[in-house]
Amino acid sequence: MTKKKLMSVALCAAMVGCMVGTVNVHAEADYSDVSVEIVSKGFQHQYWQAVLKGAEQKAEELGCKINFVGPNSESDIADQVQMLNSAINAKPGAIALAALDTSACMDAITSAQEAGIPIIGFDSGVPEAPEGAVVANASTDNYAAGALAAEKTYEVLKDRIANAEGSVRIGVMGQDATSESVVNRGLGFIDKIGELAIADGFTVKLEGNDRYVNDATVESVDDGKVIIETLVPSQVTSELSAIDCQTLLNKDDIICIYGSNQHSAEAMVTGNENLQKFGLGEDQVIGVGFDSGAVIKAAVADGTFLGAITQAPVAMGEKVVELACKAAKGEAVEDVDTGCQWYTADNMNDEEIAQNLYD
């Protein structure tokens, strides 16, 4: 090789080295000077402790400082507002907020916006916040979570539907028809069950609550082979939801019931106490829940329920801190789906699943 070629190779190597060095410098931002105030809906509940665990893990990884607070009860709206004001007064680089009541927090949110403190919403976020105040959200895609429950459920129901001489009924229990998270978990389940059933050549009929029937995307026909019936209580009480469960369990063609949140899933356990119709046998009704909690976990563990969906609070905590650090540095951020997991008696003790199950 000539001296000229040697010099050329050396120069190219040096340029590549500089380019690699430049990439590495920009790839690893320094967040050691960032402080993040995290105001959750609660603190003592295991769900929020799981969020805290994820937040602490990510803070240690990134080198930032966090302060995680929340009221003792999710009904303590005034306490949360006071905590949010204290967070603003601490002048952090960013605030993460899971608002109990956005309207009650509005003055504080406006103050944060005026002070140039970006807010990251998490869990249910900060719905109807002033434009620009919340720069990103870290939360569960509830529609996708409902669809995942449907996919896992349909694997078990497919043969039952095919072998049934007449129609079969799948019940959906919604706590209400107003909460965005609850409604989307129901619609995700309804639409996916309908999609899978139609793909297998079955027809579908939707019955029950008007909101769910009208907002579902699945095609409904009068003589559907698969009837999907959604019940919503007139008031959100455990007693009324348990009665809804019993109403569904007492129908001759019922093969499955899905409870779209902790309230509804626990009401399914209560409604089944005297009837004892849930189980995994061929002549039993398949029960599917959403969320965790001692009652639901026990129902999954003993085979009363096929399984349930849990949110991923540890991952949520991690994403909250990551987004807050980026926002504090003026980096671009966008909404993040923090995911969910399907758990059964077979996998609920696995480390990855168990850390996201709460009482």
Magnitude of the Cβ-charge dipole of the chain, K/R +1 and D/E -1, about the Cα centre, nearest 20 debye? 1440 debye
Apply the Karplus parameterisation 6.51 cos²θ - 1.76 cosθ + 1.60, with θ equal to phi minus 60°, to every residue of the stretch 215-228 and state each ³J(HN,Hα) to the nearest whole Hz, in sequence, with x for glycine and proline. 8, 5, 9, 5, 6, 10, 10, 5, 10, x, 5, 9, 9, 10
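Ordering 45, 263 by accessible area with a probe of 1.4 Å, largest first, what comes out?
45, 263
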Per GNM of the chain with C-alpha springs under 10 angstrom, the most fluctuating residue out of 240, 248, 52 is 240
Residues whose built amide H sits under 5 Å from the amide H of residue 336, excluding neighbours closer than 5 in sequence, are 137, 138, 139
Check the straight Cα-Cα distances from residue 58 and name the aspartates and glutamates below 13 Å, setting aside those fewer than 8 residues away within the same chain. 318, 322
Among the GluC sites (Glu not before Pro) in the stretch 264-344, which ones are in a DSSP loop with at most 11 other Cβ atoms within 10 Å of the Cβ? Mind listing them? 273, 282, 331, 334
log10 I(q)/I(0) for the chain, Debye formula on C-alpha points only (no solvent), q = 0.11, 0.12 Å⁻¹, two decimals, reads -0.78, -0.88
Histogram of C-alpha separations across the stretch 251-359, 5 Å bin width, %: 2, 12, 21, 18, 13, 10, 8, 6, 4, 3, 2, 1
For the chain, report the accessible area per residue in Å² (1.4 Å probe, heavy atoms, rounded to an integer). 47 Å²
One-quarter of the Cα convex hull surface for the stretch 251-292, in nm²? 3.0 nm²
Taking the square root of 5 times each eigenvalue of the Cα gyration tensor, what semi-axes in Å does the equivalent ellipsoid of the stretch 154-251 have, largest first? 23, 15, 11
Beyond a 20 Å Cα-Cα separation, which of these cross-linked pairs lie in this structure: 41/326; 152/192; 152/297; 205/297; 65/329; 251/277? 41/326; 205/297
Taking the Cα centre of the stretch 215-359 as origin and charging only Cβ (+1 Lys, Arg; -1 Asp, Glu), how large is the dipole, in debye to the nearest 20? 300 debye
Chain lengthening between residue 160 and residue 67 when straightened (0.36 nm per residue, less Cα-Cα): 28.3 nm
Antiparallel DSSP bridges in the chain: what percent, to the nearest 5? 10 percent
How large, in percent, is the carbon and sulfur part of the accessible surface of the chain at a probe radius of 1.4 Å? 48 percent
Would you tell me the accessible area of residue 106, worked out with a 1.4 angstrom probe on the heavy atoms of the protein chains, in Å² to the nearest 10? 60 Å²
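The values are calculated or read from the model by the stated rules, or taken from the named source; none is laboratory data. Remember, predicted model here, so these are calculated numbers, not experimental data. Virtual Cβ from ideal backbone geometry, glycine too; neighbours counted across all protein chains shown. Remember, those area values only see protein heavy atoms, side chains included, never the ligands or the DNA or RNA. Shrake-Rupley method; radii C 1.70, N 1.55, O 1.52, S 1.80 Å.
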